[in-house]
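The values are calculated or read from the model by the stated rules, or taken from the named source; none is laboratory data. This one's a predicted model, so the numbers in the text were calculated from it and none came from an experiment. Using ideal geometry, Cβ is built from the backbone for each residue, glycine included, and neighbour counts are taken over all protein chains shown. When the accessible area is computed, the model is the full protein with side chains, heavy atoms only, and any ligands, DNA or RNA have been set aside. Shrake-Rupley method; radii C 1.70, N 1.55, O 1.52, S 1.80 Å.
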Amino acid sequence: MEYGLIGEKLGHSFSADIHSKLFGYNYELREVPKDELDSFMKHKAFKAINVTIPYKEAVIPYLDEISPTAKSIGAVNTIINKDGKLYGDNTDFLGLSTLIMHLGLELNGKKVLILGSGGTSKTALAVVKKHGCKEVFRVSRNGTGDCITYDEAKVNHSDADVIINTTPCGMFPKIGEAPVELSDYPKLSGVVDAVYNPLRSKLICDAKKQGITAEGGLYMLVAQAVYAAEKFVDQKVDKKKIDEIYYGLLKSKENIVLVGMPSCGKTTVGRILAFETAKQFIDTDEEIEKFAGKSISEIFAELGEKSFREIESSVIEKVSSLQNAVISTGGGAVLRERNTELLKENGRIYFIDRPLDFLVSTDDRPLSRNRSDLEKLYKERYNIYLGSCDKRIVPSTEVSENVKVIKEEFYNENTCN
Ligand code: S3P
């Protein structure tokens, strides 16, 4: 290969996507088993590569030269083959540094906790020191080496200003988990998570909910790739490209989630939206029916609403971990806060706020078979829909107009909020 990425498992990697938007070279993902690393590095059959888990430290002995940053961190993610001599660098450092500046996160004079003890945590340590933090502690489960334990962090450093997570906690497929409880750290002004799948881990969603400046790892991933590409071909890239690639990647991965009252049009709008955005369409009610092998009416009649809600929650947990989908939810999906929280990890939630007068009761909807049930549901739920959505859409009678409004909002929305 000429250019590419080596690591043990690369199924999750977005790197080929990112590099394809840079200098037009072919970027290969090469899974290298542990016992083949030695021969791969000795053959040097590449022009330039990136290195990921678990080889960022293991490649160092094969290098002829190493940048001062990579040396002080003790990890290398970029190797250039210059006429048979291998030069190692660490662009993760620049990636995280760029993310911190992009966020406007002030570290000067601040107390920072770095969760995790692996390679990325060492990079984070170097970055926060460079940004002038007052104190920094690395936190690991067993507190060995120069790390403290999670209990020590909670007891002695609850006044931390910034938390940076470098552990895989909350990462696909085990979404919905966070390494710490943010209420234990009431002074926080910033949270960064190296995890980029899901797009917003539970930790990031929790922080945003409290109004704390927070961002996941996708921006950092793009930035480190752009800096690596510059070194690959020894040419500068306009740094606006980082925002551009990040935003394009974010929108190609992010889900559009539709919530709202029964008969508000979620499924109709969702199908067309999925077609027009080239995203996969998922209807949670259909998934529930497939899972149970019964219709929604039969589930309600035979198992009751409580069991229905259990099945609905497990379906939502599953579909929330998918990306690049339009997800139409059942009218009651937002009744459990955890469902909404999970859907937000990869999705932007739109509430289709069709006025009560335009909603209809139907026989196949067990909770809204008649007008008075429908009105009761509307009153009970209206504020829950409002509170759970990122954006309220007041629909017109034209389906195509509703699709257009959501599409425009989704692609013009400029942040990962
Ligand atoms: C329900 C709405 C239905 C379906 C189930 C429960 C609800 O979906 O999930 O009957 O609680 O409002 P629609 O909103 O697609 O009708």
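Where does the charge balance sit around Ile349 when Lys and Arg score +1, Asp and Glu -1, over other residues with C-beta under 9 Å from its C-beta?
After counting each charged neighbour, the total is +2.
Could you check the simple spin-label distance between Ala45 and Lys129, using points 7 Å along Cα→Cβ, in nm with one decimal?
Label at Ala45, label at Lys129, 3.9 nm between them.
Mind grabbing the accessible area of Val394 for me, 1.4 Å probe, Å², rounded to tens?
Approximately 90 Å² of Val394 is accessible to the 1.4 Å probe.
Pairs of alpha-carbon atoms within less than 8 angstrom and 6+ residues apart define the contacts here; what relative contact order does the range 209-282 have, in percent?
Result for the range 209-282 is 20 percent.
Rounded to two decimal places and with Rh computed the Kirkwood way over Cα pairs, what is Rg over Rh for the chain?
1.03
Hey, what's the Cα Rg ratio for the range 3-89 versus the globular rule of thumb, 2.2 N^0.38 Å?
Against the compact-globule rule of thumb, the ratio is 1.03.
Net charge within 13 Å of Val180 by Cβ-Cβ distance, Lys/Arg positive one each and Asp/Glu negative one each, not counting Val180 itself?
Overall, the nearby charge balance is -4.
Please work out whether the range 254-412 counts as rounded, prolate or oblate from its C-alpha gyration tensor, where a ≥ b ≥ c are the square roots of the eigenvalues and a/c under 1.5 means rounded, while otherwise a/b larger than b/c means prolate and anything else oblate?
Oblate, because a/c is 1.5 or more while a/b does not exceed b/c.
What share of the DSSP beta bridges in the chain is antiparallel, in percent to the nearest 5?
Approximately 15 percent, going by the DSSP bridge assignments.
Run the 1.4 Å probe and let me know the accessible area of Met261, rounded to the nearest 10 Å².
10
Pairs of alpha-carbon atoms within less than 8 angstrom and 6+ residues apart define the contacts here; what relative contact order does the chain have, in percent?
Worked out over the chain, it gives 12 percent.
Taking all protein chains in place and a 1.4 Å probe, what share, in percent, of the accessible surface of the chain do carbon and sulfur account for?
50
Would you work out if the range 327-366 is rounded, prolate or oblate? Take a ≥ b ≥ c from the square roots of the eigenvalues of the alpha-carbon gyration tensor; rounded if a/c is under 1.5, else prolate when a/b is larger than b/c, oblate otherwise.
prolate
Per-residue ellipticity at 222 nm for the chain, helices alone: DSSP H runs ≥ 4 residues times -39500 (n - 2.57), over residue total, nearest 500 deg cm²/dmol?
Calculated from helices alone, the mean residue ellipticity at 222 nm is -13000 deg cm²/dmol.
Between the range 84-98 and the range 121-178, how many Å separate their Cα centres?
If you average the Cα positions of each part, the centres end up 22 Å apart.
Could you give the semi-axes, largest first, of the ellipsoid that matches the range 174-223, computed as the square roots of 5 times the alpha carbon gyration tensor eigenvalues and rounded to whole Å?
Working through the eigenvalues yields semi-axes of 18, 13, 8 Å.
How much accessible surface area, in Å² rounded to 10, belongs to the heavy atoms of Thr267 with a 1.4 Å probe?
My reading of the accessible area for Thr267 is about 50 Å².
Count charges around Thr52 for me, please; just the other residues with Cβ under 10 Å from its Cβ, Lys/Arg as +1, Asp/Glu as -1.
Summing Lys/Arg as +1 and Asp/Glu as -1 gives 0.
For helix 371-388, what angle does its Cα long axis make with the longest principal axis of the chain, in degrees from 0 to 90 and rounded to 10?
Relative to the chain, helix 371-388 is tipped by roughly 20 degrees.
Which shape class, rounded, prolate or oblate, goes with the range 39-164 when its Cα gyration tensor gives a ≥ b ≥ c as root eigenvalues, a/c under 1.5 marks rounded, and past that a/b bigger than b/c marks prolate?
prolate
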